1. Mind listing which trypsin sites (Lys or Arg not before Pro) in the stretch 73-159 are in a DSSP loop and have 15 or fewer other Cβ atoms within 10 Å?
2. What does the charge add up to near ARG152, with Lys and Arg as +1, Asp and Glu as -1, over the other residues with Cβ less than 11 Å from its Cβ?
3. Would you please name the GluC sites (Glu not before Pro) within the stretch 111-148 that are DSSP coil residues with at most 16 other C-beta atoms within 10 Å of their C-beta?
4. ASP108: net charge of surrounding residues, Cβ under 10 Å, Lys/Arg +1, Asp/Glu -1, itself excluded?
5. In a shell of Cβ-Cβ distance under 10 Å around GLY166, excluding GLY166 itself, what net charge do Lys and Arg (+1) and Asp and Glu (-1) give?
6. Which whole-number percentage describes the relative contact order of the stretch 71-175, with Cα contacts under 8 Å and a sequence gap of 6 or more?
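What follows draws every value from the coordinates through simple rules; no lab data is involved. Model, not experiment: these values are computed from the prediction. Glycine gets a Cβ as well: all are built from the backbone with ideal geometry, and neighbour counts include every protein chain shown.
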Amino acid sequence: MRQYRLFLFVFTMMLLTACGGQEPVPVPTLTATVYKPPTVDPLVIQLQETEAARLTAESLPTPTPACTNGLEFVEDVTIEDGSVVSPGQRLDKRWQVLNAGSCNWDADYEVQLIAGPAMKAPNPQSLFPALSGTEAEIRMVFTAPEEPGAYRSAWQAFDPDGDPFGDPFFIDIVVVQE
C-alpha cells in the first residue's frame, strides 16, 4: 500500500506541475490611434507637380496636324476654251487636275457652280476621289444653251466643311446657230 501512496503522490505532483506551472497569457488590448499625415514642404509639392506635368506632356502623343486641301488645274482634256457648239448639244467636258493638298479627296468632297450658267449639269456633284499628290480627271456633262452666244460656267472644289479650295475650272463655249 505504501507503493500505491507513493505512486499517487508522484502522479499528483506531476499533474500539479503540468497544469499550474505556466503563467497566464495576457489578452491584447486595442488602442485607437489617429492618423496624422506627414507634413510636406510646399516646395517639394511644387516640384512633384512640375515633374508630373512634364512627364504627362512628354508621354502624350503629338496631335497630327490637320491636312490641307489643294487643287491645281493641269489642262482641258476635252472641249477647248472658245469651242463652237450647236444649240442644245450634249457636251462631255473633262479637266485634268492635281490634288495639290495633303488631304485625300473622298465621297465628302464636292464640285459646285461658282459663276455662270450650270448648263443642266447637276449642282453640286461629287469630286472624283484622289489621293494627295495624284492627278485626277473631273468629268461633267453639260447641255449647250439654245440661244446663240458666249457662255462660261465656272466650278470649284469644296471640302467636307463646305469651304472652297483650289483653282476654279470652267467650260467656255460659243453657241452658234447652224
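1. Within the stretch 73-159, the qualifying trypsin sites (Lys or Arg not before Pro) (loop, at most 15 other Cβ atoms within 10 Å) are LYS120.
2. The answer is -2.
3. Those satisfying the criteria are GLU146.
4. Summing Lys and Arg as +1 and Asp and Glu as -1 gives -4.
5. -3
6. It rounds to 35 percent for the stretch 71-175.
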